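Let me begin by presenting the structure, written as structure tokens, before commenting on it.
Taken together, the values in this text are just the output of simple stated rules run on the coordinates, not laboratory data. Because the structure is a prediction, the values reported are computed rather than measured. A quick note on method: Cβ atoms are made from the backbone with ideal geometry, for glycine too, and the neighbour counts reach across all protein chains shown.
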Amino acid sequence: MTDKPRLTALRLHKALYPIWRNDPGWKGVLTTVNNNTIGTMFILGAAGMFLAGGILAMLIRAQLASPRSAFMGPEVYNQIFTMHGTIMMFLFAIPFFEALTVFLLPAMLGTRDLAFPRLGAYGFWCYMIGATIMIVALLAGVAPDGGWFMYPPLSSSAHSPGINTDIWLLGISFIEISAIGAAVEVVVTVLRYRAVGMTLDRLPIFAWYMLVVAVMILTAFPPMILGSLILELERAFDMPFFQAEHGGDSLLWQHLFWLFGHPEVYIIFLPAAGVISAILPVMARTTLLGYGWVVAAAISLAVLSFGLWVHHMFTTGIPHMGLAFFSAVSTLVAVPTGVQIFAWIGTLWKGRPRMHLPMLWIMGFFVTFVMGGLTGVMVAMVPFDWQAHDTYFVVAHLHYVLIGGYVFPMIAGIYYWLPVLTGRKRFFRMGEVAFWLVMAGFHGTFLLLHWAGLLGMRRRVDSIEAGSGWEGINLLASVSGFVLAIGFGLVVLDVAANALVAVRGRRNPWNAGTLEWATPIPSPAYNVASIPVVDSRYPLHDNPGLPVQIARGEGFLGHPTRNRRETLAVSVSGARPDFIAVMPRNSIVPFAMAVVTSVMFMAPVWKGWWLMFASAGGVAMLAMVWAWAGGSRHDEGLLDAGRGVTLPPHTEISHPPGWWGSLFLLLADAVLFGSLLFGYAFLWTVAPNWPPPAILEPGTGGPALAAGGAVLACGGIRGADQAIRRGRAPWPGLVASLAGLAALGGAAWTVFGGTTHDAHAYDATLWVIAGYAVFHAGVAGLMALFLMARIRAGFISARRCGDARVVRLWIDYAALTAALGLGAAWLPGWLA
Amino acid sequence: MTDILRLSLPLSVWIAAFSAVYGLEGIVCSDHWAAAGLSLGQGRAALLVAWAAAIAVQVVLLAGLRMPRFASSLPGVQRIAAILAAVALVATVWSLLPVAATSLCL
């Protein structure tokens, strides 16, 4: 680089830095919305949870090292193993890859931040507060103790009195806000915020994987959120969803839990596969073999994983044909998994692999994951699963898949992206020793535990008997477990030492081809000084001068003259410039909202209903403060985006980022609604003690209100939207829409009047359906009122009509689901 | 978004068909089926028809996605869409094969 371009790059950095930087000091920690800062804090938080979960694992191994151990009693042991599973699955595995994604994705896609920076901050704080609550509960001795999948009737109030189970149900639901928020962000970012020319078939492979995983989160988490909600309702208000004597069925929980739980395994595995697909070609000095096949395999695996949930329920008495469906899909998923494995082996074959530390961990993954995958095929066979179910064979299998298939690749990823994360190159060499300790410790622990399972050792036993034949295996497994822990401890020490005190590194030390290596290291707050134009999957290989061009502002938005946070949005498929997105500045609102949300979720643990409703009001208020800050009170017209292109700001397009975010949030909401209807149909078809003693009489008032309300709500908002775009008064349409929503709420209210919430599972289900309709009509109504206020304040014009489109989407959804839900509630009465 | 639809449609149809057939099997094996005066033989026939319909839809999707009219302008996306449509067809045949091969309500 000559002096002149360097000066140009420096000038641009000095112009961009004040716009994008965090607030100074501790205030900056609470107000930051920057993906690099949030990502770093998220990584540290999730790593801390891994250490906490690891300590609990060591306590478990200490307890089981000798027969009839008096190390801890069953009450404590139950909390320890429940929290070990809960922490590792919900507080480490998912948050850790989300954290890595939050950090890496913008730079990798050649954009300046994620689509919704404040949502990222809110999700992070929800996670941190929720994780803290869970840890405090453990230290206080009131941690969940029903196992990480909380099966009723064990977890019902009759068998699990006290607040332990409530903390799990409400705490985990609260923490899942973070996962859902991150998923919405990732989907919209990957689809709309990329370098120009980065078409869908040129996406970095990691971004493809994360897009798939994010959609999986949006579709897999809602069934469990619904399950947690109705189990909590049963515990708090005796609504008998899972009580057979009142028409409930505990198998409903298992269906809802595993509808989440099995895709969850792939939600955890696929990011690791994305990391491998990103790293392996670089380590092999080549390109990924079969890019299209790998993308197809990832998508196939994601969807097929939703047809597997019953394979966790093979021993529940389901008819053979049902078992055979799920056994067939369980074998089918091995095919796309195999395609990925063969693509990786082929990539190694065609390249010239270097055995750097990340590669060592990937080799560890290959050995371990293939073994875990094969035992997975074994338990997919129904007769074998009948024997191995709930034994240590399954415990060993899942640890092979989760540690081998997830933790090893994530460690590879941390070492690989360490220069981007820290700006330093690896100096201390404890990593290799740590790797071999982990490998020896891991296989010494879990390979042996397969045998313990085959010898009949049940999972979750708090002690073993002398003479059972399991003592030697468990002693060896415990010793190996501590070796494993020392290995992981060394990894943490090595990464910390290299992150804090190693020498500064240079950009792109691995000679990788993707854009996250085009930024200065560590990645600056604005990620890219200008939005690049790319024409291949490996732009840095094809154009080694690209980092300099980006730094000199030769891409889009390379002249920050408007003194605000701007980035470029592109068309979904073709990645053509579409509009300029104005990003929010630092804000305390996400943190404040996370605190108030935590109160809303945790107040019911102590039956603090008024506090819950008050904090729900607080959340609604803060959400309005949040949304009010965006937008503009004047039309800006087309703006200079650089390279001779002019584009509108996001406030002046018909489908702004908020519309896209709402669309994918409503996808998750629709899955929750679908799960609710599934639960209703399941209970009606399968549960004992149906039909219920009394069926709701629909009458004529309720259905008439619902039909009229739906038409009025949807028609009204359409009229208002049209009026805004034509510059006319939107008030009649908005008032009509509000009246329609009120009618929908009134229609739902008739269901409450015609049933008794705790009489039968039928009544309880109808209350939830009606409650869902009332809640959504309320939310849509609040949004319509908010839109009115925005119109009065001058935020809306014929050009700036995006807000109306967002509200229209929510009102349409509320009307549609209310009509469907209430129709399902009244259907038996009509047929009777 | 059209390309996203091309990529996601066949497997989404598979999961919908898979869930529907599983649900139908639940209904056939429930007391409601017998109460409606229907036999298990008719239940098996209904399941076979549902399976055949699911396969037919997948064949139409596979053929449709290969037609120039519905093809993606991005060659890479077009190839991935074709692979996924084939995967969905195979998944439909394989995962619902038990309707013809196993006992119904045992």
Original post:
Once Lys and Arg get +1 and Asp and Glu get -1 on their Cβ, which of A:TRP344, A:ALA502, A:LEU676 lies farthest toward the positive end of the dipole of chain A?
Top reply: A:ALA502
Subject >> Cα-based equivalent ellipsoid of segment A:401-551: semi-axis lengths in Å, sorted from largest, via gyration tensor >> reply: 45, 17, 11
Subject >> Two-site label geometry, A:THR316 and B:HIS32: point separation in nm, points 7 Å out along Cα→Cβ >> reply: 1.8 nm
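Counting other beta carbons within 10 Å of each Cβ, put A:PHE408, A:PHE326, A:PHE366 in order, fewest first.
A:PHE366, A:PHE326, A:PHE408
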**OP:** Can you check what the net charge comes to around A:SER530, using other residues whose Cβ is under 15 Å from the Cβ of A:SER530 (Lys, Arg +1; Asp, Glu -1)?
**Re:** +4
Original post:
Taking amide H positions as placed 1.01 Å from N in the peptide plane, with prolines and chain starts having none, which residues 5 or more places from A:THR391, or on another chain, fall under 5 Å of its amide H?
Top reply: A:ARG459
Subject >> Paramagnetic label zone (point 7 Å from Cα along Cα-to-C-beta, B:ALA16; backbone N under 17 Å) in segment A:662-692 >> reply: A:667-668, A:670-675, A:677-678
Subject >> Pairwise centroid distance, computed over Cα atoms, of segment A:779-832 with segment A:67-140, Å >> reply: 34 Å
Subject >> Relative contact order, percent, segment B:2-100 [alpha-carbon distance under 8 Å, six or more residues apart] >> reply: 46 percent
**OP:** Using θ = phi - 60° and the Karplus relation 6.51 cos²θ - 1.76 cosθ + 1.60, list the HN-Hα couplings for segment A:647-654 in order, rounded to whole Hz, with x at every Gly or Pro.
**Re:** 9, x, x, 5, 6, 10, 10, 6
Original post:
Which whole-number percent is the relative contact order of chain A (Cα, under 8 Å, 6+ apart)?
Top reply: 17 percent
Subject >> Per-selection metrics, segment A:68-216 (Cα): Rg and Dmax in Å >> reply: 19.0, 65
Original post:
Around A:LEU568, which amide H atoms from residues at least 5 apart in sequence, or from another chain, sit under 5 Å from its own amide H, with H modelled in the peptide plane?
Top reply: A:ARG112, A:ALA581
Original post:
Counting partner chain Cβ atoms within 10 Å of every residue's Cβ in A:334-344, what's the average?
Top reply: 1
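Just to be sure I follow: if Rg is taken over the C-alpha atoms of segment A:654-831 and Rh is the Kirkwood radius over the same atoms, what is Rg/Rh? Before the final figure, lay out the partial values.
Working: Rg = 17.8 Å, Rh = 17.0 Å.
Taking Rh as the inverse mean 1/r over Cα pairs, Rg/Rh reads 1.05.
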Original post:
In peptide B:80-93, how many Cβ atoms from other protein chains are near each Cβ within 10 Å, on average?
Top reply: 4
Original post:
Quick one: what does P(r) look like for segment B:2-100 with 5 Å bins over all Cα pairs, in whole %?
Top reply: 2, 14, 22, 18, 13, 11, 8, 6, 4, 2, 1
Original post:
For the residues A:VAL401, A:VAL420, B:VAL49, what sequence is obtained by ranking on other C-beta atoms within 10 Å, fewest first?
Top reply: B:VAL49, A:VAL401, A:VAL420
**OP:** As a check on your grasp of the helix formula, calculate [θ] at 222 nm for chain A: sum -39500 (n - 2.57) over DSSP H runs of n ≥ 4, divide by the residue count, round to the nearest 500.
**Re:** -22500 deg cm²/dmol
Original post:
Given the Cα atoms of chain A, and with Rh set as the inverse mean 1/r over their pairs in the Kirkwood sense, what is Rg to Rh to two decimals?
Top reply: 0.97
Original post:
If each of A:GLU75 and B:ALA53 carries a label point 7 Å out from its Cα toward its Cβ, how far apart are those two points in nm?
Top reply: 5.7 nm
Subject >> Inter-chain shielding of A:394-407 (mean C-beta neighbours from other protein chains, 10 Å cut-off) >> reply: 0
**OP:** Could I have the simple spin-label model distance between A:SER654 and A:TYR17, label points 7 Å from Cα toward Cβ, reported in nm to one decimal?
**Re:** 4.4 nm
Original post:
With charges set only on the Cβ (+1 for Lys and Arg, -1 for Asp and Glu), what does the dipole of the protein assembly as shown come to about its Cα centre, in debye to the nearest 20?
Top reply: 3860 debye
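Can you put A:ILE267, A:ILE60 in order, fewest other beta carbons within 10 Å first?
A:ILE60, A:ILE267
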Subject >> Most to least packed among A:210-223, A:466-479 [average Cβ atoms within 10 Å] >> reply: A:210-223, A:466-479
Original post:
Using θ = phi - 60° and the Karplus form 6.51 cos²θ - 1.76 cosθ + 1.60, what ³J(HN,Hα) does each residue of segment B:42-59 get, whole Hz, x for Gly and Pro?
Top reply: 5, x, 4, 4, 4, 5, 5, 5, 4, 5, 4, 5, 4, 5, 4, 4, 5, 4
